Amino acid sequence: MSEAADQIFAMLKQSAQSGAPLYLQLRKSIEDAVNRGLIGPGDALPSERDIASKADISRVTVRKAVQDLVKGGILVQRHGSGTFVAPRMERVEQSLSRLTSFTEDMARRGMAVRSAWLDRGLYAPSPDEMMVLGLSSNELVARVARLRIANDTPLAIERAALSASVLPDPAGIGSSLYAALETTGLRPVRAVQRISAANLGGDDARLLEVPSGIAGLHIERISYLASGKVIEFTRSIYRGDAYDFVAELRLSGPGEEGRP
Ligand code: 16G
């Protein structure tokens, strides 16, 4: 029996007194073993049969506990090769005071960036896009939707909308929207960002390779040129397990109270 199995059974013995249903006890034992680092990312879990016979519980009970942990993103199942502790996401710390692009943020951390295109083209604007970008119904909006990937891990889905007069050829932006805007002197200099909690589901969870229902962040960024004109309206979904947004706060100086 492997070391991982010994650690899980040691934890299971400790929780046996709790009186909780067996599958919950087993789930907690595996979770505790992972959280305490007794079994690490990439370690194989003992087989369903081994766990069932060693712990003297049914295989149905073991399957239920394991499936719960797979749903929660603690374990991953690979077809044909078994069940493993999920790889740990290296969290990205992102400052909320600097207006940078995804490409710049990841390059600064030495991460290899790529994007998968989800959509790019010119469309009739939605009411939201008309309002934020100041478009009339006979103007077009350029939409650029991408899955943003760093070191082969999908981190975010970003859906940017800009006036077609600013970005007449959305297919031609290359790998960085901000770099493309910079070439025409239209890179934003200020942005307002709204971050809210969201549970990831459906296509979003599938694209981000996370279990459905897991926590994520919904981020809306409205960016401005120095003239005050809105240049970008981007709605994004970020993986909650991958990002820490960090803001520096200062005590306002005398006479500054209440200033935004
Ligand atoms: C960031 C921005 C996004 C912008 C993108 C440009 C957030 C939440 N979003 O990801 O609004 O469109 O950078 O990146 O920070 P790019 O120049 O690499 O295409």
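Where a number appears in this text, it was derived from the coordinates with a stated rule and is not lab data. Fair warning: this is a prediction, and the values are worked out from it, not measured in the lab. As a convention, Cβ positions derive from the backbone with ideal geometry for all residues, glycine included, and neighbour counts pool all protein chains shown.
Can you find, among Ala191, Ile149, Ser176, the residue farthest towards the positive end of the dipole of segment 127-203? Put +1 on the C-beta of Lys and Arg, -1 on that of Asp and Glu.
It is Ala191, whose Cα lies furthest towards the positive end.
So in the chain, what percent of DSSP beta bridges are antiparallel if you round to the nearest 5?
95 percent
Which whole number of Å³ per residue matches the convex hull of the alpha-carbon atoms in segment 3-85? It would help to have the intermediate numbers written out before the result.
On the way: hull volume 7.0 nm³, N = 83.
Convex hull of Cα atoms, per residue: 85 Å³.
Can you put Asp128, Asp241, Asp56 in order of Cβ neighbours within 10 angstrom, beginning with the fewest? Mind showing how you got there, number by number?
Values: Asp128 12, Asp241 16, Asp56 7.
Listed from fewest to most nearby Cβ atoms, that is Asp56, Asp128, Asp241.
Please give the net charge around Ser95, taking every other residue with its beta carbon less than 13 angstrom from that of Ser95, where Lys and Arg add +1 and Asp and Glu add -1. Before the final figure, lay out the partial values.
Working: positive: Arg98, Arg108, Arg109; negative: Glu93, Glu104, Asp105, Asp244, Glu248.
Result for the local shell: -2.
How big is the dipole moment of the chain about its Cα centre under a simple scheme where the beta carbon of each Lys and Arg is +1, that of each Asp and Glu is -1, and everything else is neutral? Debye, nearest 20, please.
Details: 32 positive and 31 negative charges, 49 e Å.
So the magnitude is around 240 debye.
Below 10 angstrom from the Cβ of Ala242, what's the summed charge of the other residues (Lys, Arg +1; Asp, Glu -1)?
Values: positive: Arg91, Arg239; negative: Glu90, Asp241, Asp244.
Counting the neighbours of Ala242, the net charge comes to -1.
Ranking Val92, Val34 by Cβ neighbours within 10 Å, fewest first, what do you get?
Numbers: Val92 19, Val34 24.
Listing Val92, Val34 from fewest to most nearby Cβ atoms yields Val92, Val34.
Only counting other Cβ atoms within 10 Å, I'd like Arg206, Arg78, Arg235, Arg27 sorted with the fewest neighbours first.
Values: Arg206 12, Arg78 9, Arg235 17, Arg27 23.
Result, fewest neighbours first: Arg78, Arg206, Arg235, Arg27.
Given a Förster distance of 25 angstrom, what is the FRET efficiency for Ala107 paired with Asp43, based on the Cβ-Cβ distance and rounded to 0.05?
Values: r = 32 Å, r/R0 = 1.28.
In this case the efficiency is close to 0.20.
For a quick check of your reading of the filter: which GluC sites (Glu not before Pro) in segment 89-156 sit in a DSSP loop and have no more than 12 other Cβ atoms within 10 Å? Walk me through the numbers before you get to the answer.
Values: sites: Glu90, Glu93, Glu104, Glu129, Glu139; in loops: Glu90, Glu139.
Those satisfying the criteria are Glu90.
Which value results when the Cα radius of gyration for segment 92-246 is divided by 2.2 N^0.38 Å? Mind dumping the intermediate values first?
Working: Rg = 15.1 Å, N = 155, 2.2 N^0.38 = 15.0 Å.
My calculation over the Cα atoms of segment 92-246 gives 1.01.
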